[in-house]
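See structure below.
The numbers here are math on the coordinates, done by the rules we state, and not lab data. None of these values were measured; they are calculated from a predicted model. Here the Cβ positions follow ideal geometry from the backbone for every residue, glycine too, while neighbour counts run over all protein chains shown.
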Amino acid sequence: MKALFKSFLTIISIIGFSTTVKAALDTPIGYWRTEEGKAKVQVYGCGTKQICGKIIELKEPKDPNTGKDKTDPNGKPMIGMEIMKDFKHTEGQEWDEGSIYDPKEGKTYSAMFELQKGGNTMDLRGYVLISLIGKTQTWTRTTETDPLK
């Protein structure tokens, strides 16, 4: 009877763990490596049922010309900068009505994204006026401790 009970607990634990992993991949909340691998972005809940994201790590955090921390054209430090704002879940794995800030150019674009490959990649599209006029980047899910390469 004890062996049966232990087996039952083991099965319940495995089911619970796999459900937790799947739930984690169904949400964009977590850590993402940008397409070129130059930055790591932490994506988190903000506002009422919205998603935001900030740069938490740069592959090259110092400006090679000055030796100082990298900044955007307005002089704001890139690390800690919120670059994703106010994304709302629309359906399935899609979020829309947000904005993305390009810290290299100092410009903000309308944006949308969709999780792909079981939640391990994010196709993020920034655009002007309509989504047909824009650019898509694919970000890859990572961990807080996984270094940028």
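Inter-label distance, residue 140 to residue 74: 3.2 nm, where each label sits 7 Å from its Cα along the C-beta direction.
Put simply, the convex hull of the Cα atoms in segment 32-145 casts, on average, a shadow of 7.6 nm². With one equal scatterer per alpha carbon and no solvent term, the Debye-computed log10 I(q)/I(0) for segment 22-95 at 0.13, 0.22 1/Å reads -0.46, -1.00. Residue separation of residue 96 and residue 59 scaled by 0.36 nm, minus their Cα-Cα distance, works out to 10.5 nm of gained length. Between amide H atoms placed 1.01 Å from N, distances below 5 Å from residue 46 occur with 51, 52, all of them 5 or more places distant or on a separate chain.
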